[in-house]
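Shown next, in structure tokens, is the structure this report addresses.
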Protein chains: 2
Amino acid sequence: MARWQPNAPERLAQAALELFAERGYENTTVIDIAQRAGLTKSTFFRHFQDKREVLFGGDTLSDLLAKAIAEAPGTATPLEAVAHALDAVGRHAFTPERREFSTRRRAVIAANPELQEREALKGLRLTARTTEALKRRGVPDLTARVAAELGALASEIAYARWSKTPDGDFGEAARLALTEVQAAAERASQRH
Amino acid sequence: MARWQPNAPERLAQAALELFAERGYENTTVIDIAQRAGLTKSTFFRHFQDKREVLFGGDTLSDLLAKAIAEAPGTATPLEAVAHALDAVGRHAFTPERREFSTRRRAVIAANPELQEREALKGLRLTARTTEALKRRGVPDLTARVAAELGALASEIAYARWSKTPDGDFGEAARLALTEVQAAAERASQRH
């Protein structure tokens, strides 16, 4: 066995990305993806519900966010808990080694309406999961929901900047974006 | 010809909803929907890109929002312009006569993952269209985006309440929800 071997979900995602780029999303099957990754179809379906899901990492990101929000200091405000979670995303998911993969992944999604729909739904679910995690800290329902939405927006802005800068840190980009989003929320009820 | 006859997109949406309820979304074709509505398949595709879209009214809602934001008083803050647009939605789309249709529509969407994905993507597009309309009023980019997101959240809350109350007004529900969402945005950066 190789000294370092990416785990099955990552190998499948890499293989899928290669195949989607080579022959298009429509012309790639789950069997093609499994074969390219040197794995079986049943291993594929153990990790992902369907072909689309392979680019969305199952529940990894959502579990990461929920765990980090639960572990944020007890004194943290709702948005500070969200910032804490986005730091964790930067440490474990949007790492420098993943930047290139992330950029190629975005290009594939942008070219395919079916993948865009899945991405939209995943976005809603991440926000719902973040909301739940904040509520479990005692944050009132609507405050939790709004903090999760502002966090999702900050995360999107940070991701766009991070994927374009060769050595930026996602967590830092997310903190900056959260500050900007908060300021914009205040300006939304003021004359411009 | 009947004295009152709903127009083609509405007839198709009604027919689709009936058929989805009777035999399921998967077992209904575009031809079935057109036939039930007394229309042709080509009329269907003149209004909707595919079977899913029939429950999402094409660009009607998005056009309505954009127009109302453009027409909001020049002195309106970004969130006041959004409230103005949600009033228009209440007058032209979420009218008392549409309440029952809306409730049945929600139930069909909730039961079908494909429809949920389309709904998620439509939501993102509505927010993008609202953001664009606010920017055209001179609202800075990020403020426009945040105001659109807060408006989308208020609209969702208002829709849920409106569809459950027999004689509520959507526009009023939306104004109340917007006030609540604004207050929650302030609390998101405070200790609870």
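Suppose we compare each residue of region A:120-140 in its chain alone and in the full protein complex with a 1.4 Å probe; which ones drop by at least 40 Å² of accessible area?
Residues passing the criterion (a loss of at least 40 Å², heavy atoms only) are A:ALA120, A:LEU121.
Work out which helices of chain A, taken as complete DSSP H runs, extend at least 18 Å along their axis over the Cα atoms and score a mean Kyte-Doolittle of 0.0 or more, then list them. It would help to have the intermediate numbers written out before the result.
Working: long enough: A:8-23 (22 Å, -0.09); A:78-92 (21 Å, 0.22); A:113-136 (35 Å, -0.96); A:141-164 (35 Å, 0.18); A:170-187 (25 Å, 0.07).
TM-like helix candidates: A:78-92, A:141-164, A:170-187.
Placing the label point 7 Å from Cα along the Cα-to-Cβ direction, what are the distances from A:PRO166 to the equivalent spots in the other copies, shortest first, in nm to one decimal?
In nanometres, ordered from closest: 6.9.
Averaging sequence separations of C-alpha pairs under 8 Å and six or more residues apart, then dividing by the length of region B:57-188, give the relative contact order as a whole percent.
The normalised contact order for region B:57-188 reaches 32 percent.
List, by residue number, every residue in region A:60-79 with a reduction of 50 Å² or greater in accessible area between the chain on its own and the complete protein assembly, 1.4 Å probe.
The answer is A:THR77.
Taking a label point 7 Å out from Cα toward Cβ, give me the nm distances from A:LYS41 to the same spot in the other copies, shortest first, one decimal.
So the label point of A:LYS41 gives 3.0 nm to the other copies.
For the pairing of chain A with chain B, what total accessible surface becomes buried, with a 1.4 angstrom probe, in square angstrom to the nearest 100?
Working: alone 11400 and 11390 Å², together 19550 Å².
So the total buried area for this chain pair works out to about 3200 Å².
For the protein assembly as shown, what is the accessible area per residue in Å² when the probe is 1.4 Å? Mind showing how you got there, number by number?
Working: 19550 Å² over 384 residues.
Using a 1.4 Å probe on heavy atoms only, each residue of the protein assembly as shown averages 51 Å².
Can you work out D for region B:100-146 in µm² s⁻¹ from Stokes-Einstein, where Rh is the Kirkwood radius over C-alpha pairs, the temperature is 4 °C and the viscosity is 1.567 mPa s?
On the way: Rh = 12.2 Å.
Diffusion coefficient, whole number: 106 µm²/s.
Leaving out ligands, DNA and RNA, what percent of the accessible area of the protein assembly as shown is carbon and sulfur, probe 1.4 Å? Intermediate values should be presented prior to the final figure.
Numbers: 10180 of 19550 Å².
Percent of accessible area from carbon and sulfur atoms in the protein assembly as shown: 52.
Along Cα-to-Cβ, 7 Å out, sits the label point; list in nm, shortest first, how far the one on A:VAL108 is from those in the other copies.
Here A:VAL108 shows inter-copy label distances of 3.4 nm.
Pick from B:GLU53, B:GLU119, B:GLU26: which is most flexible by mean-square fluctuation in a GNM of chain B where alpha carbon atoms under 10 Å apart are linked?
Maximum among the listed residues: B:GLU26.
How crowded by other chains is B:148-157, given as the mean number of beta carbons from other chains within 10 Å of each beta carbon? Before the final figure, lay out the partial values.
Values: counts 2, 9, 7, 1, 1, 6, 0, 0, 1, 2.
That works out to 3 on average.
Over 22 Å between Cα atoms, which of A:LYS67/A:LYS135; A:LYS122/B:LYS67; A:LYS135/B:LYS122; B:LYS41/B:LYS67; A:LYS51/A:LYS135; B:LYS67/B:LYS122 qualify?
Working: A:LYS67/A:LYS135 13 Å; A:LYS122/B:LYS67 30 Å; A:LYS135/B:LYS122 27 Å; B:LYS41/B:LYS67 30 Å; A:LYS51/A:LYS135 33 Å; B:LYS67/B:LYS122 18 Å.
Table pairs above 22 Å Cα-Cα are A:LYS122/B:LYS67; A:LYS135/B:LYS122; B:LYS41/B:LYS67; A:LYS51/A:LYS135.
Could you calculate the FRET efficiency of A:THR29 with A:GLU186 from 1/(1 + (r/R0)^6), where r is the beta carbon distance between them and R0 is 51 Å, rounded to 0.05?
Working: r = 50 Å, r/R0 = 0.98.
Once the sixth-power term is evaluated, E becomes 0.55.
What residues of region A:90-131 lie in the reach of a label at B:GLU114, counting those whose backbone N is under 13 Å from a point 7 Å from the Cα along Cα→Cβ?
Correct set: A:114.
Can you spot the aspartates and glutamates whose alpha carbon is less than 16 Å from B:LYS164's alpha carbon? Ignore those fewer than 8 places along the same chain.
Correct list for B:LYS164: B:GLU97, B:GLU100, B:GLU156, B:GLU172.
In a GNM of chain B with a 10 Å cut-off on Cα contacts, which of B:GLN182, B:GLN49, B:GLN14 has the highest mean-square fluctuation?
Result for chain B, Cα springs under 10 Å: B:GLN49 fluctuates most.
Ignoring everything except DSSP H segments at least 4 long, calculate the 222 nm mean residue ellipticity for chain A; use -39,500 (n - 2.57) per segment, divide by total residues, nearest 500.
Working: 9 runs with 135 residues, N = 192.
Helix contribution divided over all residues of chain A: -23000 deg cm²/dmol.
How big is the shadow of the Cα convex hull of chain B, averaged over all directions, in nm²? Walk me through the intermediate numbers first.
Values: hull surface 51.8 nm².
The Cα convex hull of chain B, projected and averaged over all directions, gives 12.9 nm².
The values are calculated or read from the model by the stated rules, or taken from the named source; none is laboratory data. Please read these numbers as outputs of a predicted model, since none were measured by experiment. Cβ sites come from the backbone with ideal geometry, for glycine too, and all protein chains shown count toward neighbours. These accessible areas exclude ligands, DNA and RNA; they are computed on the full protein's heavy atoms, side chains included. Shrake-Rupley method; radii C 1.70, N 1.55, O 1.52, S 1.80 Å.
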